[in-house]
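Participant: Here it is: the structure, laid out below.
The values are calculated or read from the model by the stated rules, or taken from the named source; none is laboratory data. If you're wondering where the values come from, they're calculated on a predicted model, not measured in any experiment. Using ideal geometry, Cβ is built from the backbone for each residue, glycine included, and neighbour counts are taken over all protein chains shown. Protein only, heavy atoms only, side chains kept; ligands, DNA and RNA dropped before computing areas. Shrake-Rupley method; radii C 1.70, N 1.55, O 1.52, S 1.80 Å.
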Amino acid sequence: MTDSLSVRDNRTNAEYELPISDGTIRAVDLLRITADDEPLVSYDPGFVNTAACRSAITYIDGDAGILEYRGYPIEQLAEHSTHLETAYLLLNGQLPTAEELADWEHLVNTHRLLPDNVKTLIHGFRYDAHPMAMMMSAVASFHTFYRDSRNITDPEARELNIVRLIGKMPTLAAFAYRHSVGRPYVYPDDSLGYCENFLAMLFQGAEPKYEADPRLVRALEVLFILHADHEQNCSTNAVRAVASAGNDPYTSCGAGIGALFGPLHGGANEAVLRMLREIKTVDRVPEFIAGVKDGKGRLMGFGHRVYKNYDPRAKIIKHATEQVFEAVGVDNPLLKIAIELEKIALQDDYFVKRRLYPNVDFYSGLIYEALTFPPEMFTVLFAVPRTVGWLSQWQEGVTDPEAKISRPKQIYTGIRTRDYAHLGER
Ligand SMILES: CC(C)(COP(=O)(O)OP(=O)(O)OC[C@H]1O[C@@H](n2cnc3c(N)ncnc32)[C@H](O)[C@@H]1OP(=O)(O)O)[C@@H](O)C(=O)NCCC(=O)NCCS
């Protein structure tokens, strides 16, 4: 077997041999194929079948429903690991020893405070500003406080700014939330773990010490692990594209937050809840499904660009949903609608044919609501753990000797050269 692709261009009858390595052909090899002096270009809106980098971080097999971080199945990490341990794994390539983990947790803890000016920045937003807009601005502003972050070729500067951002994200998210509900900020408590401290900064009231239900802490830990990375998704691609211009992690992750804000990406769980509210009652589910099939909108929380069998995260999250509902003791009618929707859609030909299955967002919104988060916070709760993935990918991108500034081609469809017409002549 020869690892190459034989191509015959029927326009010119010319034949070409394109080498295949790692199951790919190099798009630049297509430049050799020319007709009328025009090189052949591949057209791929949304990068459906284009690899933009090599990566050793996350492996996905969409057809088999497999997700692995550095080779570890997501199911095992969700069962045994913590978010910070998973963060160490994603960033460094292997699980930490007990000593390395303790050092890492301590290091992240020491970077949880925000520069004071960032509080002023948050204060400048209207009370009803979306917290994702606050997060995006604040994260982008961090490079003005940590100028060493621009030294992206210095491994020590890279490491320091990575840990800074991981430490600060929960504090920033909690401050953005408290600003939107008009409550005073709660500062990090060094005696609490990453997720427990996050819950305390979000929800502590007048009580001297906030004590979170351990089941809720674990559920958040699991949600964070599931959301930590997902190879070259829209926001990670945004982070890598911005980083490819030589940008620091804050500027790059600010772009990632912007991408994640979109309803087709991180905003989907918010859209799921809106959809469930619109449906109102279980008996209206068939009518809603019929509307989706008629093209009156999409079934939010269903379908995935990569998973065409099932999303392995959805299974884990469904289990976490049940545990959270047991802990908070709420009988949420929206959960019943969600279960009915899932049941009907999984049997319906329209969804089966198109291989549309529940994705991670189908249930995560319900968990967040049970934890009393307003819908605007849902995407923020995605951004906090995904920062770990963005930073791992940022680091891999800026140290990749094959990386180039991101600059796709286009097919020009506009008018060609014409003379400028003066105002009176148009
Ligand atoms: C995630 C998503 C953007 C992936 O899109 P994609 O891989 O580009 O798939 P396409 O948009 O090409 O859809 C393929 C077909 O399935 C249909 N489809 C895809 N998602 C659908 C959904 N959620 N509900 C109904 N139909 C859907 C499309 O209409 C299309 O049908 P057609 O072939 O008859 O035109 C898409 O499934 C979606 O919009 N889902 C809802 C939003 C969501 O939950 N996002 C979170 C992702 S984690």
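Participant: Hey, could you check the range 340-378 for residues that are under 24 Å from Ser180 (Cβ atoms) and polar (S, T, N, Q) and say which is nearest to the chain's Cα centre (by Cα)?
Facilitator: It comes out as Ser364.
Participant: Would you list the strands (runs of 3 or more DSSP E) that sit entirely within the range 1-72 and hold 3 or more residues that are open to solvent by 60 Å² or more (accessible area, probe 1.4 Å) and over 30 Å from Tyr88 (Cα atoms)? Walk me through it before giving the result.
Facilitator: Numbers: elements: 4-9, 14-21, 58-61, 66-69.
Those strands (runs of 3 or more DSSP E) span 4-9, 14-21.
Participant: For the range 379-388, check the following and say yes or no: at least one residue is closer than 30 Å to Gly295 by Cβ and assigned to a helix (DSSP H, G or I).
Facilitator: Among the residues of the range 379-388, at least one is closer than 30 Å to Gly295 by Cβ and assigned to a helix (DSSP H, G or I), which makes the answer yes.
Participant: Here's another thing I want to ask about it. Can you tell me which residue within the range 323-364, out of those that are of a type in the set (S, T, N, Q) and within 16 Å of the ligand (Cβ to nearest atom), is farthest from Asp63 (Cα to Cα)? Steps first, answer last, please.
Facilitator: Of all residues in the range 323-364, those of a type in the set (S, T, N, Q) come to 323, 332, 347, 359, 364.
Filter once more, so that each one left must be within 16 Å of the ligand (Cβ to nearest atom): 347, 359, 364.
On the way: Gln347: 19, Asn359: 14, Ser364: 22 Å.
The qualifying residue farthest from Asp63 (Cα to Cα) is Ser364.
Participant: Limited to the range 271-291, what total is found for residues that are at positive phi and within 13 Å of the ligand (Cβ to nearest atom)?
Facilitator: First, the residues of the range 271-291 that are at positive phi: 280.
Filter once more, so that each one left must be within 13 Å of the ligand (Cβ to nearest atom): none.
Count: 0.
Participant: Can you tell me which residue in the range 345-363 is least open to solvent (accessible area, probe 1.4 Å), limited to those that are modelled with pLDDT of 90 or more and assigned to a helix (DSSP H, G or I)?
Facilitator: Only one residue fits best here, namely Phe351.
Participant: If you scan the range 292-322, which residues turn out to be within 10 Å of the ligand (Cβ to nearest atom) and of a type in the set (Gly, Ala, Ser)?
Facilitator: Result: Gly295, Gly297, Gly301, Gly303, Ala314.
Participant: Within the range 257-266, identify whether any single residue is surrounded by 18 or more Cβ atoms within 10 Å (Cβ to Cβ), within 12 Å of the ligand (Cβ to nearest atom), under 26 Å from the mean Cα position of the chain (by Cα) and at pLDDT 95 or above, and answer yes or no.
Facilitator: Taking every residue of the range 257-266 in turn, at least one turns out to be surrounded by 18 or more Cβ atoms within 10 Å (Cβ to Cβ), within 12 Å of the ligand (Cβ to nearest atom), under 26 Å from the mean Cα position of the chain (by Cα) and at pLDDT 95 or above.
Participant: Additional query: Under the condition of being surrounded by fewer than 21 Cβ atoms within 10 Å (Cβ to Cβ) and within 20 Å of Phe373 (Cα to Cα), which residue from the range 303-324 is nearest to the chain's Cα centre (by Cα)?
Facilitator: Applying the filter and picking the extreme gives Lys318.
Participant: Against the definition (on the phi < 0 side of the Ramachandran plot, out of contact with any His (no Cβ under 6 Å at 6 or more places or on another chain), surrounded by fewer than 18 Cβ atoms within 10 Å (Cβ to Cβ) and not in a helix (DSSP H, G or I)), how does Ala212 come out, yes or no? Reasoning before the result, please.
Facilitator: On the way: on the phi < 0 side of the Ramachandran plot: yes; out of contact with any His (no Cβ under 6 Å at 6 or more places or on another chain): yes; surrounded by fewer than 18 Cβ atoms within 10 Å (Cβ to Cβ): no; not in a helix (DSSP H, G or I): yes.
For Ala212, the condition - on the phi < 0 side of the Ramachandran plot, out of contact with any His (no Cβ under 6 Å at 6 or more places or on another chain), surrounded by fewer than 18 Cβ atoms within 10 Å (Cβ to Cβ) and not in a helix (DSSP H, G or I) - is not met.
Participant: Mind checking which pairs have a first residue in the range 1-22 that is on the phi < 0 side of the Ramachandran plot and a second that is open to solvent by 40 Å² or more (accessible area, probe 1.4 Å) and among the basic types (Lys, Arg), Cβ under 9 Å, 6 or more apart or different chains?
Facilitator: Ala14/Arg8; Glu15/Arg8; Tyr16/Arg8; Tyr16/Arg32; Leu18/Arg26; Leu18/Arg32; Pro19/Arg26
Participant: Oh, and also: Being in a helix (DSSP H, G or I) and open to solvent by 60 Å² or more (accessible area, probe 1.4 Å) is the filter here; which residues of the range 142-159 pass it? Even if it seems obvious, please write down each step before you answer.
Facilitator: So in the range 142-159, the residues in a helix (DSSP H, G or I) come out as 142-145, 147-150, 155-159.
Scanning the range 142-159 gives Thr144, Phe145, Arg147, Arg150, Pro155, Glu156, Glu159.
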